[in-house]
1. Kindly state which helices (runs of 4 or more DSSP H) lie completely within the range 158-255 and contain at least 1 residues that are hydroxyl-bearing (Ser, Thr, Tyr).
2. What pairs can you find where one residue is in the range 231-255 and touching a residue at least 12 places away in the same chain (Cβ under 8 Å) and within 16 Å of TYR100 (Cα to Cα), the other is of a type in the set (S, T, N, Q) and part of a helix (DSSP H, G or I), and their Cβ atoms are less than 8 Å apart, with a gap of 6+ or different chains?
3. Got a number for residues in the range 160-182 being open to solvent by less than 30 Å² (accessible area, probe 1.4 Å) and not acidic (Asp, Glu)?
4. Whether any residue in the range 90-104 is open to solvent by 60 Å² or more (accessible area, probe 1.4 Å), touching a Pro at 6+ places or on another chain (Cβ under 8 Å) and either under 25 Å from ILE165 (Cβ atoms) or not hydroxyl-bearing (Ser, Thr, Tyr) (or both) is what I want to check.
5. Do any residues in the range 8-22 that are over 17 Å from ASN39 (Cα atoms) and open to solvent by 80 Å² or more (accessible area, probe 1.4 Å) have Cβ atoms under 7 Å from those of residues that are at pLDDT 85 or above and not small (Gly, Ala, Ser), where the two are at least six apart or on different chains, and which pairs are they?
6. Filter the range 196-223 down to the residues that are within 29 Å of ASP97 (Cα to Cα), open to solvent by less than 70 Å² (accessible area, probe 1.4 Å) and polar (S, T, N, Q) and list them by number.
7. Looking at the range 119-152, which of its residues are open to solvent by less than 20 Å² (accessible area, probe 1.4 Å) and not in a loop (DSSP other than H, G, I, E, B)?
8. Report whether or not ALA59 is among the small types (Gly, Ala, Ser) and in a loop (DSSP other than H, G, I, E, B).
Amino acid sequence: MLIKAFIELSHAPNTQIILTTHTPSLAGLLPLQSLRFINKEGMVRTVESGTDEVFQKIADTLGLLPDPISKSAKALLLVEGKSDVSFVNHTSQVLKDEGYLTHTFLEKEIAIVPIGGCGNLKHWRTLKLAEQFNIPWCILLDSDKGTVEEAINTTAINELQAQGIKAYVTRKREPENYLHLSILGLPAGSTFTFTETDDAKHLISIQKSKKKDHVLDTYWPNMTAALIREVETYDDNGIERYEFTEMFAEYLSIC
């Protein structure tokens, strides 16, 4: 939350954030283009940035390690946070149970790895591990629709797709925006609602007195296949499409 707040603030006009850290978990969430490695020998100070060699120096100096990955993993699906792991696993399971998908990610031995975002040091470190063991990978990011991060995330995903990587952003702001109102246990006559660009996580946390980071883990397991199909449906020039069903089928085809 701290790093995300700094990144959002850095996008404000006439604003620059400068921070120094020796904490791997914080440094791992910072965008690669913002990183500087400062080294001092005697009276000479050098500042390096922008190359794999520099990123490796930073990772080695901080002791930044990728999340543990099962030795049996045949592919990786990179997501933003730990709640996204539960979101993907539950969605694939119920859609598979109803015949909309042929497999789950577990059955395909695709490890779901939270990296905090695209283009940060943790993302880079995880990809280096994937390259080392020749493991194919794909990625799912929040679109952050309606925020300053939307263009950044969309650009990053478009660049990956141009390289042949199976990469997508959510059509709505984030997974919480797909929660069906019927599973929130709202009182009769409630007028509570949210749009696809609202900060649904924040609104639901206030409405239900839940911590923001617990919203998805608490309510998404109650989403049935029918409800998921309802909230994932969208119109594509007159054609009815199913966002996660189609997206997950693409991911599952990676191995």
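The values are calculated or read from the model by the stated rules, or taken from the named source; none is laboratory data. Please read these numbers as outputs of a predicted model, since none were measured by experiment. Backbone-built Cβ (ideal geometry, glycine too); neighbour counts: all protein chains shown. Heads up: the accessible areas ignore ligands, DNA and RNA and are worked out on the full protein's heavy atoms, side chains in. Shrake-Rupley method; radii C 1.70, N 1.55, O 1.52, S 1.80 Å.
1. Helices (runs of 4 or more DSSP H) meeting the threshold: 200-208, 215-219, 243-252.
2. So the pair list comes out as GLU232/THR245; PHE244/THR91; PHE248/THR91; PHE248/SER92; LEU252/SER92.
3. 7
4. no
5. LEU9/THR15; LEU9/ILE17
6. Once the filter is applied, which keeps residues that are within 29 Å of ASP97 (Cα to Cα), open to solvent by less than 70 Å² (accessible area, probe 1.4 Å) and polar (S, T, N, Q), the range 196-223 yields only THR218.
7. The answer is ASN120, LEU121, HIS123, THR126, ALA130, CYS138, ILE139, LEU140, LEU141.
8. So ALA59 fails the test.
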